[in-house]
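Asks: Next up is a structure, given as structure tokens.
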Amino acid sequence: MQLTRRTATPVRTGDIIVVKPDGHIWGKEEGLPKFVVVKIPGATTEQTQKYLSPEINALALEETLTRRLWRVNIDMIPNSLLKKLRDTGTVTVTWTQIKGYIQNKATLAVEV
């Protein structure tokens, strides 16, 4: 009996796709127009790995391949950061600056 099946779903604005360590060299396809890079120097693996948790659809008992439980709520991000992301595709912030904008999709709670 299979309780969990995996399905691929499209990503949405703000979805966290991947977490890489400091100093990672991003490829051409990992930026605008499809994606943006938020660099958080000094963020630990323990702080960031949970954002790769899959979003679970409890009703369908399925785990999605591309959707994550966490997202960056772009409606809450200051306009200055949004403008830089739209213009350059990359922004560097501290953990303290960004964590309040990271939201759990199931509970809508933000990191504190």
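The values are calculated or read from the model by the stated rules, or taken from the named source; none is laboratory data. Computed from a prediction, not measured in an experiment: that's the story for all the values here. Heads up, the Cβs are rebuilt from the backbone with ideal geometry, glycines too, and the neighbour counts pull from every protein chain shown.
Asks: Applying the selection to the range 25-42, what residues are outside any loop (DSSP other than H, G, I, E, B) and crowded, with 16+ Cβ neighbours inside 10 Å?
Replies: Once the filter is applied, which keeps residues that are outside any loop (DSSP other than H, G, I, E, B) and crowded, with 16+ Cβ neighbours inside 10 Å, the range 25-42 yields GLU30, VAL37, VAL38.
Asks: Is there a residue being charged (D, E, K, R), over 11 Å from the mean Cα position of the chain (by Cα) and modelled with pLDDT of 85 or more anywhere in the range 55-73?
Replies: The answer is no; no qualifying residue exists.
Asks: Identify, from the list VAL19, VAL112, the residue that is under 11 Å from the mean Cα position of the chain (by Cα) and either part of a loop (DSSP other than H, G, I, E, B) or exposed (fewer than 10 other Cβ atoms within 10 Å of the Cβ) (or both).
Replies: Only one candidate passes the filter, namely VAL19.
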